[in-house]
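Trainee: Provided herewith is a single structure, encoded as C-alpha cells, for subsequent inquiry.
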Amino acid sequence: MHLTKDEERILSGEKGENYAKMMSILVKIGEIYGADKLIPITSAQISGVSYNTIGDAGLHFLNSLKDVKVAVKTTLNPLAFDDRYLDALQVDTQLFKKQMEIIKAYKTMGVKTTATCTPYYYDNVPKFGEHIAWAESSAVIYANSIIGARTNREGAVTALASAIIGKTPNYGLHLDEERKATHIVELDFEPEGEDFPLLGLLIGKEVQGIPYLKIKGNYDDFKLMGAAMAASGSIAMYHVESFTPEYKNALQDEVERISIEKDEIEKMKKIVDVELVAIGCPHVSPIELRRIAEFVKGKEKKKGVEFWIFAARSVWENHKDLVKIIENFGGKVMVDTCVVVSNAGKIFHKIGTTSGKAAFYLSKDKFGGAEVIVEDLYTLLRSVVE
C-alpha cells in the first residue's frame, strides 16, 4: 500500500508512539484487504463506549491513548446509562465510576460525547459521496444506504484509529465497484409495520453481500430494516428501488436471487405479555418521537408495564415539547444509552420493541436473555395505554 511521506513519518514514530500505533493499525488493515492507499475522511463514529460491553480491558486501552487527539469530527455510541435514571436502570457505583472514566478518556482525545447510534439526525451528518469511518453497524448501513456516504463496517479500534489519523484504507465500500448489489431479494408480499425489522433479520441471515429490494416504505421503516440486517449478519449496505440514492446503478449482470415468503415473517411473530415496551434501537427519529407523543397525549398509561423511549440527546433537546407529553403520560425518554447496552435486558424478562436489532441482542445471555417480541409502533403503543 502506498504511503505519503507524511504518513511514513507518522508510522516511523516521529509524531509519537501512539500515533504510530494508530497508523500501523490502518496500514495492516489496508494490506489485508488490498487497499492501494489511505484516503481522507470527513468524520468518524466510534463504538465500544458502554462499560457493559468493553469492560476493564477496553478502558485500559483508551487510557493508554491520552496523548493523542482526533483529527476529524468524531462522535460516540451510547453508553450504559442516562444519569437521570440511575435507579431505574439499576446502575451501581462500580458501573457509574467506570463508565465516567471511559467518557473522560474520549473527551481527552477531542471526541464529541454525543452517545447516540443515530448521529446522522443532528450531530454528525455526512453528505452523499463523502468518505467516513463509522463503527456502529446500524449507523454504517444507514449512512451507506440512505445517505450515500461511504464507509466500511469499522470496528471500535479501526474507527478510532481513522479518527486520530484522519484517514482510512481505500477498499471495500469506498470503491464504486464494491457498492453494487450482489443479491435481488424477491418478496411475495408488501411489508408493513413490524415486517420491516423482521425482514431485516431474515435478509441478514441469508445474504452475504449487498441486497436489492423492490419495496415501499419510509425512512424509519428502512432504518429498522437495515439495523436488523446488520445485527443478524454482516450487511453494511442495501439498495431499495426508487428510494436509496444509488439504486439506478446498483444492478450488475450477475446477481443471485433469493425469495422470502410472508409465511417466514409470520412464523417470527409471537405474542407475550411484556413488562417493558422499549422504542429507540436505533435511537428514535424526530418523526418517531412526534408519532409517539401524538398517540399518548391525554391518555393514561397502563399499570405494570414500563414505557421507555431512547433518543439522541440532540433530538431530546430539540423536541422538549414532545418529550414533556410522553413523560406526562408516564413514559421515560432516555438519552445517552439504549435498551441493549444498558441494564434493561437484565432487569426485564419480557420486552416489546420495534427493533429487530434489539431482539437479536437482548435474547442473548450476555445482554440478559430476555424474551422479546417485535411489533409495529402502534401495536406497542396500544399495549401501554389503558
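No value in this document is a laboratory result; all are computed from the given coordinates. Because the structure is predicted, anything quoted here is derived from the model rather than measured. In this analysis, Cβ positions are derived from the backbone assuming ideal geometry, glycine residues included, and neighbour counts consider all displayed protein chains.
Trainee: Tell me, what is the percent relative contact order of the chain, built from C-alpha pairs under 8 Å that lie six or more residues apart?
Mentor: 18
Trainee: If you don't mind, there's one more thing I want to ask. Using a Gaussian network for the chain with springs between C-alpha atoms less than 10 Å apart, which of these wobbles most: 53, 168, 93?
Mentor: Ranking 53, 168, 93 by mean-square fluctuation puts 93 first.
Trainee: Using a 10 Å cut-off on Cβ atoms, rank the peptides 79-90, 335-346 from the highest mean neighbour count down.
Mentor: Numbers: 79-90: 17.9, 335-346: 25.9.
Per-residue Cβ counts within 10 Å, averaged per peptide and sorted highest first, yield 335-346, 79-90.
Trainee: First select every other residue whose beta carbon is under 10 angstrom from the beta carbon of residue 143; then total the charges, Lys and Arg +1, Asp and Glu -1. Walk me through the numbers on the way to the answer.
Mentor: On the way: positive: 150; negative: 130, 136.
Charge balance in the 10 Å sphere: -1.
Trainee: Same structure again: Using a cut-off of 13 Å between beta-carbons, work out the net charge of the residues near residue 233 (Lys and Arg +1, Asp and Glu -1, residue 233 not included).
Mentor: Working: positive: 153, 205, 357; negative: 206.
Taking every Cβ under 13 Å from that of residue 233, the sum is +2.
Trainee: Could you please state, rounded to a whole Å, how far the C-alpha centre of segment 20-74 is from the C-alpha centre of segment 243-264?
Mentor: When both Cα centres are located, 33 Å separates them.
Trainee: Show me the GluC sites (Glu not before Pro) within segment 141-239 that DSSP assigns to loop and that have at most 16 other Cβ atoms within 10 Å of their Cβ.
Mentor: Details: sites: 154, 177, 178, 186, 192, 194, 206; in loops: 154, 192, 194.
Loop-located and lightly packed - 192.
Trainee: Using a simple charge model, +1 on the beta-carbon of Lys and Arg, -1 on the beta-carbon of Asp and Glu, nothing else, what dipole does segment 180-266 show about its Cα centre, in debye to the nearest 20?
Mentor: Working: 8 positive and 18 negative charges, 91 e Å.
That gives segment 180-266 a dipole magnitude of about 440 debye.
Trainee: About its Cα centre, what dipole magnitude does segment 276-383 give when the only charges are +1 on Lys and Arg Cβ and -1 on Asp and Glu Cβ, stated in debye to the nearest 20? The partial results should precede the final answer.
Mentor: Details: 17 positive and 12 negative charges, 36 e Å.
Computed about the Cα centre, the dipole is about 180 debye.
Trainee: Where both residues lie in segment 276-383, what percent of DSSP beta bridges are antiparallel, nearest 5? Write down the numbers at each step before the final one.
Mentor: Details: 0 of 15 bridges.
Given both bridge residues lie in segment 276-383, the antiparallel proportion sits at roughly 0 percent.
Trainee: Across 20 Å bins from the origin, how do the percents of Cα pairs in the chain run, short distances first?
Mentor: Answer for the chain: a P(r) of 29, 57, 14, 0 percent.
Trainee: Based on the mean of other beta carbon atoms within 10 Å per residue, what is the order of 257-268, 368-379, most packed first?
Mentor: Working: 257-268: 13.2, 368-379: 19.8.
Most protected by this proxy first, the peptides run 368-379, 257-268.
Trainee: If you don't mind, another one. Multiplying the sequence separation of residue 263 and residue 382 by 0.36 nm and subtracting their Cα-Cα distance, what value in nm do you get? Intermediate values should be presented prior to the final figure.
Mentor: Working: separation 119, 0.36 × 119 = 42.84 nm, distance 2.49 nm.
Gain on stretching residue 263 to residue 382: 40.4 nm.
Trainee: Which of 19, 122, 33 has the fewest other C-beta atoms within 10 Å, and how do the rest follow up to the most? Can you show the working numbers first?
Mentor: Details: 19 22, 122 16, 33 13.
In order of increasing Cβ crowding within 10 Å: 33, 122, 19.
Trainee: Looking only at the chain, where both bridge partners belong to it, what percent of the DSSP beta bridges are antiparallel (to the nearest 5)?
Mentor: Working: 4 of 37 bridges.
So the antiparallel bridges in the chain amount to around 10 percent.
Trainee: Summing +1 for each Lys or Arg and -1 for each Asp or Glu, what net charge is found among the other residues whose Cβ lies under 12 Å from the Cβ of residue 299?
Mentor: Working: positive: 297, 301, 302, 382; negative: 294, 300, 386.
Computed value for this residue: +1.
Trainee: Further, regarding this structure: Run down the lysines and flag those whose C-alpha is under 20 Å from the C-alpha of residue 205, throwing out any fewer than 8 positions away in its chain.
Mentor: Of all the lysines, those that pass the test against residue 205 - Cα under 20 Å, at least 8 places apart if same chain - are 180, 214, 223, 262, 267, 269, 270, 357, 364.
Trainee: Can you compute log10 of I(q)/I(0) for segment 1-73 with the Debye formula, treating each Cα as one identical point scatterer, at q = 0.15 Å⁻¹?
Mentor: So the normalised log intensities work out to -0.63.
Trainee: Something else now. How much length, in nm to one decimal, is gained on full extension between residue 255 and residue 241, taken as 0.36 nm per residue of separation minus their Cα-Cα distance? Please report the intermediate quantities before stating the final value.
Mentor: Working: separation 14, 0.36 × 14 = 5.04 nm, distance 1.53 nm.
Stretched out fully, the residue 255 to residue 241 stretch lengthens by 3.5 nm.
Trainee: Separate question: So what is the calculated 222 nm ellipticity per residue for the chain, using -39500 (n - 2.57) for each DSSP H run with n of 4 or more, over all residues, to the nearest 500 deg cm²/dmol? Intermediate values should be presented prior to the final figure.
Mentor: Details: 15 runs with 146 residues, N = 386.
After summing the helix terms and dividing by residue count, I get -11000 deg cm²/dmol.
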